[in-house]
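Peer 1: Can you read through this structure? Questions will come right after.
Laboratory data are not the source of any read-out in this text; all were calculated from the coordinates shown. The model shown is predicted, which means the values in this text are computed figures rather than measured ones. Every residue, glycine among them, receives a Cβ derived from its backbone with ideal geometry; neighbour counts consider all protein chains shown.
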Amino acid sequence: MKSDSIAVDVPAESSSAIKGKAPLLGFARDHSGSGGYNRGLSIFDFLLRLAAIIAALAAAATMGTSDETLPFFTQFLQFQASYDDLPTFQFFVIAVAIVAGYLVLSLPFSVVTIIRPLAVAPRLLLLVLDTAALVLSTAAASAAAAIVYLAHNGNQNTNWLAICQQFGDFCQKTSGAVVSAFASVAFIAILIVISGVSLKRH
C-alpha cells in the first residue's frame, strides 16, 4: 500500500542573517561596567584638578609677593631681594600662572568626561594638554629649585654667597613656592595617568 508523504520546504537562513541575530543571543559587548569605572576616574580627575589649581595659584602668588628689604642701609646702597631681580623667578611666576589658568579652563572638559564617561575626544584632548602643562610646570619648578638651593647654600667654587641668613623671609617664601609648584607637578602627573587608564578601558 502506497502512503502519501507531504514535503515541507524550510528556507535556510543566510549567514548574514545569522550574524545579524548574534547580538540577540548575548554576544553584544556590555559597556556598563566600563562606563561606571570611567565615571569614577573622571570624578577623581575633577578633584585632582581643583587641588592642582590651588597648588599652582599658591606657588605663583607666594613667589610673586616674595620681597624683603633689610632694615639697615648705607647712603648709596639699600639691601633688597625680590623675585623680579632674577629672570628665573620671573619665568617661574609666568609659567605657573599659565598652568593654573589652563587648569581652570580644563574644568569644563573634566565635567564632560563625568557626564559622558565613554567619550574619547575630551579625554584625549585633556591628555595632550595635561602633558604640555606638566612639561612647563616641571621646567619652572626645577629652574626655581636650583636658584633656591644656591640661595640657601651658595657655591664656593664660583664665590656665590648664601643669602638666606640675611634674607630669611625671602628665602622662606621662595622655598614654599617651589614646594607648592612641585605639588602641582605631582597632581598633573596623576591626571595624565588617569587619562591614560581611562582611554585604555574604552
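Peer 1: For Thr158 and Ile114, calculate 0.36 nm times their separation in residues minus their Cα-Cα distance, and state this gained length in nm to one decimal. Each step should come with its number before you reach the end.
Peer 2: On the way: separation 44, 0.36 × 44 = 15.84 nm, distance 5.38 nm.
Roughly 10.5 nm would be gained on extension.
Peer 1: Now for a different question. Any number yet on Rg/Rh for the range 85-202, C-alpha, Kirkwood?
Peer 2: Numbers: Rg = 18.2 Å, Rh = 16.0 Å.
Using only Cα positions, Rg/Rh for the range 85-202 is 1.14.
Peer 1: Tell me the net charge near Ile114. Cut-off is 12 Å between Cβ atoms, Ile114 excluded, with +1 for each Lys or Arg and -1 for each Asp or Glu. Walk me through the numbers before you get to the answer.
Peer 2: Numbers: positive: Arg39, Arg49, Arg116, Arg123; negative: Asp45.
My count for the surroundings of Ile114 gives +3.
Peer 1: Going by Cα centres, the range 167-202 and the range 116-166 are how many Å apart?
Peer 2: Their Cα centres are 9 Å away from one another.
Peer 1: How far is it, in nm, from the label point at Asp85 to the one at Leu105 when both lie 7 Å from their Cα along the line to the Cβ?
Peer 2: Here the answer is 3.5 nm between the modelled labels.
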